[in-house]
1. Do any residues in segment 32-47 that are more than 16 Å from residue 158 (Cβ to Cβ) have Cβ atoms under 7 Å from those of residues that are outside any helix (DSSP H, G or I), where the two are at least six apart or on different chains, and which pairs are they?
2. Can we say residue 186 is surrounded by 18 or more Cβ atoms within 10 Å (Cβ to Cβ), touching a strand residue (DSSP E or B) at 6+ places or on another chain (Cβ under 7 Å) and modelled with pLDDT under 80?
3. Restricting to segment 128-156, and then to whatever is in a helix (DSSP H, G or I) and in contact with a strand residue (DSSP E or B) (Cβ under 7 Å, 6 or more places away or on another chain), can you tell me which residue is modelled with the lowest pLDDT?
4. So, in segment 195-204, of the ones that are over 17 Å from residue 150 (Cβ atoms) and touching a residue at least 40 places away in the same chain (Cβ under 8 Å), which residue ends up surrounded by the fewest Cβ atoms within 10 Å (Cβ to Cβ)?
5. Does segment 35-53 hold any residues that are closer than 21 Å to residue 65 by Cα and surrounded by fewer than 21 Cβ atoms within 10 Å (Cβ to Cβ), and which are they?
6. Would you call residue 66 assigned to a helix (DSSP H, G or I), touching a helix residue (DSSP H, G or I) at 6+ places or on another chain (Cβ under 7 Å), modelled with pLDDT of 75 or more and within 27 Å of residue 158 (Cβ to Cβ)?
7. Tell me, which residue of segment 113-132 that is surrounded by fewer than 17 Cβ atoms within 10 Å (Cβ to Cβ), over 15 Å from the mean Cα position of the chain (by Cα) and touching a residue at least 12 places away in the same chain (Cβ under 8 Å) is farthest from residue 39 (Cα to Cα)?
């Protein structure tokens, strides 16, 4: 239904018990995967696994914030989404910088650890995607959760591809390349979230005038 003021269609704002239950489940999944994947990233000497683990931690925090602001004003929800977009961008820059640093201190990661943990992370994120699928077309706050989960699943597939590349080539370059690609995905998702949040904030300002 189109609003008379010319705004975009009214979007789902998260006020649904089923969505809240799905979001809580996804928060728990992400927290557990961070606790598993970050130590394995150090054990396996994998930059891609560390980047993915950091993403799980960021998602745990930002999804928790998303849950807390459900039912708040559109302005508050959009502002929180804006903060999440900026934090995702900073995460992408950190991964990019640490990957570039690793280029000069290259050590071959453990392909078996990368692959096995990558498969576990992919299963966790696919479960999250399934739980959130029917809520993907929401406001900036809801959509940011969907975009992060979708991007995470893509990142996990790339970690598995990197593990195969490390095993076949006997070098750590596939791991670093995938970490760099994941950084670009973080930055792209950040831009999408920030753009929608700013758009919603502009409408709240216009409505207030």
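1. Once the first residue is more than 16 Å from residue 158 (Cβ to Cβ) and sits in segment 32-47, its partners that are outside any helix (DSSP H, G or I) give 45/107; 45/109; 45/110.
2. No; evaluated as a whole, the condition is false for this residue.
3. Selected residue: 142.
4. That would be 199.
5. Result: 35, single match.
6. When the stated conditions are applied, residue 66 passes them.
7. Per the criteria, the residue is 119.
The values are calculated or read from the model by the stated rules, or taken from the named source; none is laboratory data. All of these numbers come straight from a predicted model, not from anything done at the bench. All Cβ positions, glycine included, derive from the backbone under ideal geometry; neighbour counts span all protein chains shown.
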